[in-house]
């Protein structure tokens, strides 16, 4: 059964954002209903910047989702109940180059207000308009252990998105 999502003010969310991102994980999705890709992520942030409510996510250029992030002006972050753990594992270990995640039976794609895509089964969705990108520069790593995260030197691109709509179950 699909749960109906309703708009809410992002400031009213009671989630522990550290747990929601790092432990519960999220799907980062870009594209439109005709062509999109999604990937599981456990790095990111919420906050305020430039007088805007924002989300930050990171995508490696080697990920299939990267091309969709680059081609569109918007992206979504979708959070799920624990019952979707296997879906999140699948979306984190399979590439859209190899499998059609658009036909994943447990997920129902929905068009957002910016023509972006989120999933009706989500418990929380942040629909974002890209306002800034930045490639991580290894020369700027102050903590040398960060380099260990990049054995293939495929440094993430950071995307800052203004929250256009927040939806909650």
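Note on the chain: with a GNM built from Cα contacts shorter than 10 Å, the maximum mean-square fluctuation among 116, 144, 95 falls on 144. Footprinting exposure proxy ranking of 77, 33, 88, fewest other C-beta atoms within 10 angstrom first, gives 33, 88, 77. Computed from label points 7 Å out along Cα-Cβ, the spacing between residue 22 and residue 147 is 2.4 nm. Using 0.36 nm per residue, how much length does the chain from residue 11 to residue 33 gain when fully extended, once their Cα-Cα distance is taken away? Answer, rounded to one decimal: 5.1 nm. Springs between alpha-carbon pairs under 10 angstrom, Gaussian network model over the chain: which of 130, 67, 19 fluctuates most? Evaluated over the chain, the most mobile residue of the options is 19.
How big is the gap, in Å, between the Cα center of the range 42-78 and the Cα center of the range 91-119? So the two Cα centres are separated by 15 Å.
GNM, the chain, Cα, under 10 Å: largest mean-square fluctuation among 128, 11, 57? Residue with maximal mean-square fluctuation among 128, 11, 57: 11. Panel order for 12, 78, by other beta carbons found within 10 Å of each beta carbon, from fewest to most: 12, 78. Have a look at the DSSP beta bridges in the range 6-168 and tell me what percent are antiparallel, nearest 5. Around 100 percent antiparallel, to the nearest 5. Translational diffusion of the range 90-165 was estimated from the Stokes-Einstein equation, with Rh taken as the Kirkwood radius over Cα pairs; at 25 °C and 0.890 mPa s the coefficient is 158 µm²/s. Can you tell me, using C-alpha contacts under 8 Å and at least 6 residues apart, the relative contact order of the range 38-169 as a whole percent? Reported relative contact order: 33 percent.
Percentage of Cα-Cα pair distances in the chain greater than 23 Å, rounded to whole percent? Across the chain, Cα pairs with separations above 23 Å total 35 percent.
Read the figures in this text as sums done on the coordinates, not as results from a lab. Note that the structure is predicted; figures quoted are calculated from it, not measured. Ideal geometry is used to build each Cβ from the backbone, glycine not excepted, and the neighbour counts take in all protein chains shown.
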